[in-house]
Structure formats: structure tokens, C-alpha cells
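Encoded as C-alpha cells, the structure appears first; notes follow it.
The values are calculated or read from the model by the stated rules, or taken from the named source; none is laboratory data. Note that this is a predicted model, so its numbers are computed, not measured. Note that each Cβ is placed from the backbone with ideal geometry, even for glycine, and that neighbours are counted across all protein chains shown.
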Amino acid sequence: MRVQLEPAKAPSPLRDALHTAALTLLMIPGAAKAQTPPAADHIDFTNLLYGEQSRTQVVEPIVRFTHLMADGQSISAQVGLDVITGSSPTGALPSGSVQTRTSASGHVITSPAGQIPMAPFHDTRLALEGEWKKPVSRYVITTVGGHFSREKDYQSLGVNGKISTDLMRRLVTITVGGGVSHDSVFPVGGTPAGLSDGTIIHTGGNAKDVTNVLLGASRILTRRWMVAVNGTQTYERGYLTEPYKMITIMGHVNGTPVGELTDKRPDTRNRTSLLFSSVYHPGDDVAYTSYRYYRDTWGVRSHTIDLKYRHDLGGQSYIEPLLRYYQQTAASFYTVGFLEGAPLPNFGTSDYRLGRLKTITVGGTYGFHPDFMAGELTIRGQYMRQSGDSSPPNAIGIQRKFDLSPPVNVFALVLGYSFDY
């Protein structure tokens, strides 16, 4: 069978965690350690180096400029560039013999016997963001922003806003916000029909709309301790299928692959998450703890525990070790493969990002103010061990001999430099 296949963007769980941690601090008023008043202008440079063992590599430089005004307003702009290379699992099962398939762009992909089929890819993503923050009174701050990003098969354009108000003599802060995004998915080679042999149904774009709302509250309990809770609700509508992923058709006797079908997912997805966090200052140090619960209408449930401790070394330097644990259940339509001749369900995916997952991340940050230059330098390194369900219950025959979700080692290094001028 000649199947049209173009490699999917590989998952970046550690990279996502780094971005989520930064966004979380932005959403929790006062969560960051108190700093001296900034100058009128501030620039941040960061560069992410991300790598999954034998899979994806990412280089992501980001520049952010912030202008502070005398009346408390601020305007910021950010530009980022992702250069992504490597390979990603196609979703197909390994076989006792060499497997060959043809991608949507005409490339022949060969998978060695006994190994999980992988597909190489290369992409570049440009992202632009902007934000305007304005105090409307002594106790109320409003923020509006927008973003635009573009890569070879995906485009996103959105706006967002939030309002925060202080209560009880500024011991309590309430934040309400939301955003909308209009995205377009235009797969290389065209959009294939779901659960088909790769038949292209059209070559145009596919609409995807995302709406999210946020409600958060933080409470200063003592001079050294603050707690917060944030709830988010996200509604996704439109084309949510991964067009490059495949599902193996297994033979009845020994589970040998006899064909492949394309991925198909529902066109709606509602996501709910609750984040509980605590910031405590024992002396000059800062202890961060958080727990996040997530669920969605696809049946995925997850728990994330995040622990960080910032220790002041003196001389304007610090270290901040990190420990994170993540556990996820599988989506209701996740499957290893379909049995030959069996009736097909309405939806199906073999994308391991929607299967059972467990990750443990360790790492740390070192920040310091060098004597020979103004500003602060930071070095953040993280290692993550990701493992899935190596023996799914619906694997049969030869598939039970393979590790269908082998552990993945993920490394990330973030270099940062920020300064006022």
C-alpha cells in the first residue's frame, strides 16, 4: 500500500513545561520574587536548546522589549523563531520486516525491522506577540494583547485580555481574563480523509477556533506566604486531527501490520484545568510549589506537581533547583491499532501524546549579575524522562514482543540575558 504521509511535529513536553511555567508566573499576581523598580525600558534575550534523544531538536531564540511609562503603563513586544528538525513517531507499529512508505511531499521513508516507524521533518516557526498593560485606578489593572505565528502548515492569530483588582487592602487579588484565536491548518500535500488510506479530500486550509477564559485569585496569608488558585476553560472547535499520524491495521493471527489508516479526532475539545500554587519566603530564599489538575472531553486526565526552591547565594546570584512530576491518562479513542476486517470506530489515534504518559523532570537555574556587564545572566538546564504504556491491552501477537512506547530522554538548556537601559 502506498500511503501519503508527512511527519508530524514531534511533542515537546519539556519545552511546553518551560513556557507554561513562565505564563503561570505572569497570571499569578506577585508570584515572582520582589525586585527593585525597573528602569524605563527592559530587554530580555533567551535562547532555548531542546533535544529529544534520537528524535526532535529545537533552537528557539526569543527577544522581548518592554517600555515602562511614568503613569504605570507598559507596552511590550516579543519576537521568537523556532527552528525544528529531527524525526517523530508516525503512530504506526513496528514490524518484523522493513516497512516503506511515501510521504505527502514524495519522500520515501524506510523503517528498519523491529523499530517504531519514524518520519523526519524540518520546520521554521515565526511568532510575534504584543501586550499593553494599563492601571485604570489604584486597585485595578487591565491588560490586552495579541499574537501571530506562522509555520509551513499552521497559522495562528489571536487576541486576549484580562483585568486584575486588589481587595482587602491588597491582600487579595482577583483576575478575570480570556482570549480568542483563529487558526488555520493546511497540511503539506493536502488534507486526508480521516480513517482512510490517505485519500486527499481537499488542498485548502482547515479552520480551527480556540476560546479560553481565566479566573484566578491570590491571597497574601502572611508577610512571607502567598497562595493562589487559577482556573482555565478552553474551547476548541474545527480541525483538531493530526493529518500526518497513522494507525496500523493488524493481522488477526500474529499482529503483523497489513496496512495503515489516517488519524481522525473529534472536531470539538473542551479543556479544564485548575492550578493551585504557593510562594513562601523563608528568609532570603523563595519556595515555589504548585499542583495542576487537567481534564478534557477526549478523556485525558493529568496531574502535575511542580517544586522549585530559589536559594540566594549572595553577591546578586542565586540557584533554583526544580523537580516536576507529570502523569496522564489516555484519550478515550486512543488505540495501538485496528484489527483487520473489524468495524471502524468514529475516531481513532495512535499518537502517543494522547496515550498514557508519565514524566519526571529534574533541573535547575543559576542566575547572576556579572561584574563586567550590566543586567542578569541566567542558565537553566532540565532533564526529563518520559515513559508511556509499553504493553497496551489491545496489542496482539508480534506486537507484544515490542516496547510500543519506549522511554524518551529529553534535555533542555535555556540561556537568558536581561537588562534595563
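Does residue 352 satisfy being among the aromatic types (Phe, Trp, Tyr), within 22 Å of residue 385 (Cβ to Cβ) and either surrounded by fewer than 16 Cβ atoms within 10 Å (Cβ to Cβ) or without any contact (Cβ under 8 Å) to a residue 12 or more places away in the chain (or both)?
no
Taking the range 257-298, which residues are touching a His at 6+ places or on another chain (Cβ under 7 Å) and farther than 30 Å from residue 245 by Cα?
285 - this is the single residue of the range 257-298 that is touching a His at 6+ places or on another chain (Cβ under 7 Å) and farther than 30 Å from residue 245 by Cα.
Could you give every pair whose Cβ atoms fall below 8 Å, whose first residue belongs to the range 320-341 and is under 30 Å from residue 279 (Cα atoms), and whose second residue is not in a strand (DSSP E or B), counting only separations of at least 6 or pairs across chains?
Close Cβ pairs (under 8 Å, with a partner that is not in a strand (DSSP E or B)) amount to 324/17; 326/13; 326/17; 328/300; 328/356; 329/299; 329/300; 329/356.
Of the residues 17, 113, which single one is among the small types (Gly, Ala, Ser), modelled with pLDDT under 85, on the phi < 0 side of the Ramachandran plot and within 19 Å of the chain's Cα centre (by Cα)?
Among 17, 113, only 17 is among the small types (Gly, Ala, Ser), modelled with pLDDT under 85, on the phi < 0 side of the Ramachandran plot and within 19 Å of the chain's Cα centre (by Cα).
Does the range 223-236 contain any residue that is more than 20 Å from residue 273 (Cα to Cα), in a loop (DSSP other than H, G, I, E, B), in contact (Cβ under 8 Å) with a residue 60 or more places away in the chain and of a type in the set (A, V, I, L, M)?
No, the range 223-236 has no match at all.
Across the range 260-309, which residue is surrounded by the most Cβ atoms within 10 Å (Cβ to Cβ) among those that are in contact with a Pro (Cβ under 9 Å, 6 or more places away or on another chain) and either among the small types (Gly, Ala, Ser) or under 26 Å from residue 365 (Cβ atoms) (or both)?
308
Of 149, 184, which residue is under 18 Å from the mean Cα position of the chain (by Cα), without any contact (Cβ under 8 Å) to a residue 60 or more places away in the chain and surrounded by 15 or more Cβ atoms within 10 Å (Cβ to Cβ)?
149
Can you tell me which condition residue 139 does not meet? The list is (1) without any contact (Cβ under 8 Å) to a residue 24 or more places away in the chain; (2) in contact with an Asp or Glu (Cβ under 8 Å, 6 or more places away or on another chain); (3) exposed (fewer than 15 other Cβ atoms within 10 Å of the Cβ), and all the others hold.
Here residue 139 clears every test but (1).
Return yes or no: is residue 253 outside any strand (DSSP E or B), closer than 30 Å to residue 115 by Cβ and touching a helix residue (DSSP H, G or I) at 6+ places or on another chain (Cβ under 9 Å)?
The answer is yes for residue 253.
Can you work out which of the residues in the range 31-67 that are modelled with pLDDT of 95 or more, buried (at least 17 other Cβ atoms within 10 Å of the Cβ) and of a type in the set (A, V, I, L, M, F, W, C) is nearest to residue 175 (Cα to Cα)?
Once the filter is applied, the top-ranked residue is 62.
Among residues belonging to the range 373-408 that are hydrophobic (A, V, I, L, M, F, W, C) and exposed (fewer than 15 other Cβ atoms within 10 Å of the Cβ), point out the one that is nearest to residue 356 (Cα to Cα). Quick ask: steps written out before the conclusion?
Step one: list which residues in the range 373-408 are hydrophobic (A, V, I, L, M, F, W, C), which gives 373-374, 377, 379, 384, 395-396, 398, 402, 404, 408.
Filter again for exposed (fewer than 15 other Cβ atoms within 10 Å of the Cβ), leaving 373-374, 379.
Details: 373: 47, 374: 46, 379: 32 Å.
Residue satisfying both the conditions and the ranking: 379.
Which of the residues spanning the range 196-213 are of a type in the set (A, V, I, L, M, F, W, C) and crowded, with 18+ Cβ neighbours inside 10 Å? It would help to see each step written out before you state the result.
Here is the first cut: in the range 196-213, the residues of a type in the set (A, V, I, L, M, F, W, C) are 200-201, 207, 210, 213.
Answer for the range 196-213, where residues must be of a type in the set (A, V, I, L, M, F, W, C) and crowded, with 18+ Cβ neighbours inside 10 Å: just 210.
From the residues in the range 324-372 that are of a type in the set (Phe, Trp, Tyr) and under 17 Å from the mean Cα position of the chain (by Cα), which one is modelled with the lowest pLDDT?
352
Condition test on residue 124, is it modelled with pLDDT of 95 or more and over 30 Å from residue 177 (Cβ atoms)?
yes
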